[in-house]
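Note sheet for the following structure.
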Amino acid sequence: MMESLPSLPLSVGVCLCDSAPLVWRVEDLRAVRSHGLVGTLLGALPRTPQQNGRLGRPLLLLPEEERLLAERHLAAAFPPTQQGGSGVEQRDDYEELQQRSYGEQSTLALHDRKGALLRALTAKHSEAAGQSTEEAIRRRLENLDQSFSFPRSAMAVQLSTSRAGLTCCSEARAFLQASWPIRTQDSPHSNTRYQVFRNLRGRGFYLTSAGKFGGDFLVYPGDPLRFHAHFIAVCLTLDESVPLLDVLAVARLGSNVKKTVLLCSPLEDGSVTYTSLQWSGMV
C-alpha cells in the first residue's frame, strides 16, 4: 500500500549552493523529516564547532529528495537575489567587517597594554624600585602609541553561525520567501534513480545514500535513527547489462554487512521490478 504524505502549509525553502540543495531553516527541516526524507546534516554546531560526532544545519538533500518535494509542490528554491547577493558583494562586506573588527580590537589591546604598564609603574613606586627601571617603564608608556602593533593572528574572529531568515526577527524571515522553481534533472540514470526512490518511499521505506556500499540507496524499514538498513538498492534499467563480477562483488559486500542487495528496474507503467541477491558461497 502506498503511503500518503501529509500536506504542508508552506513550501520548503531550498537554497542551491552550486548543484547542492541545502535546507537551512528549522521549520523546513521539520517539514522535510515529517515526509520521511532524511538528508545529511553538514554544519558544525555553534558551541562545539570542532567536533564531528554531531552535526547541525544545513541539511543536504539527495537529488531524489529534492525532486520528490518539487513534484509534490512542497518545495521552492530561494531566488538568487535573495541568497545573500553576489559573491563579490559578500566578500567585500566580509572584508569590511573584518577590517572594522580589527581596528576595534587593536584599540582595546592598546588600552590593555597601557593599563598593564601603569599597574607595573604603580607597583614599582610602592616597592621603591630603582630609578632606571621606573624610567624604562615611563619611556615604553610614552612611545606605546607609535610602537604598538596588534598582530592579525591574535584577532578574535566571529564565526558566522546565523543566516538571514533563521532568526526570530520577522523582517529577516520575510526576506527569504521560497518561490523560485526547482531545477529539473533529466539524465537517464537520475530518472531511473528517482523512480526507484519514489516507489520505495511510497511504500514507507526511508532512504539514504549508499555510495560507501557500492549501491545507490540504503533502504531502512523505518526512521534511520531507530533502525539499521535492511537493503542496498542498485538502480538499473531493464535493458542494462551488468558484468557478472560486479554482481558477485555487490552480493558479497551485502552479505558482509548483513544487508540484502536489491536490483531495482523501473517499468514503463511507473512500477518497479525488484530482484534480491543473496550470497550463498562459491561453488
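The values are calculated or read from the model by the stated rules, or taken from the named source; none is laboratory data. Since the structure is predicted, the reported quantities are computational estimates derived from the model, not experimental observations. Cβ atoms come from the backbone with ideal geometry, glycine included; neighbour counts cover every protein chain shown. Ligands, DNA and RNA are excluded from the accessible area calculation, which covers all protein heavy atoms including side chains. Shrake-Rupley method; radii C 1.70, N 1.55, O 1.52, S 1.80 Å.
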field: Residue count, the range 234-283 (criterion: more than 15 Å from residue 214 (Cβ to Cβ), surrounded by 12 or more Cβ atoms within 10 Å (Cβ to Cβ) and small (Gly, Ala, Ser))
entry: 1
message: Go through the range 233-249 and report how many residues are of a type in the set (Val, Ile, Thr) and not in a loop (DSSP other than H, G, I, E, B).
response: 2
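Each row is one residue, and each column tells you yes or no for (1) closer than 30 Å to residue 205 by Cα; (2) at pLDDT below 80; (3) in contact with a His (Cβ under 6 Å, 6 or more places away or on another chain); (4) part of a helix (DSSP H, G or I).
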residue	(1), (2), (3), (4)
33	yes, no, no, yes
57	yes, no, no, no
129	no, yes, no, no
136	no, yes, no, yes
140	no, no, no, yes
message: What are the pairs with Cβ atoms under 7 angstrom where one residue, in the range 223-240, is farther than 13 Å from residue 277 by Cα and the other, located anywhere, is in a loop (DSSP other than H, G, I, E, B)? Sequence gap at least six, or different chains.
response: 224/38; 227/221; 229/259; 235/216; 236/242
- request: Might you check whether a residue that is open to solvent by less than 40 Å² (accessible area, probe 1.4 Å), within 18 Å of residue 202 (Cα to Cα) and in contact with a Gly (Cβ under 7 Å, 6 or more places away or on another chain) occurs anywhere in the range 223-232?
  value: yes
- request: Examine the range 100-110 for a residue that is modelled with pLDDT of 80 or more, under 30 Å from residue 25 (Cα atoms) and open to solvent by 70 Å² or more (accessible area, probe 1.4 Å), and state whether such a residue exists.
  value: yes
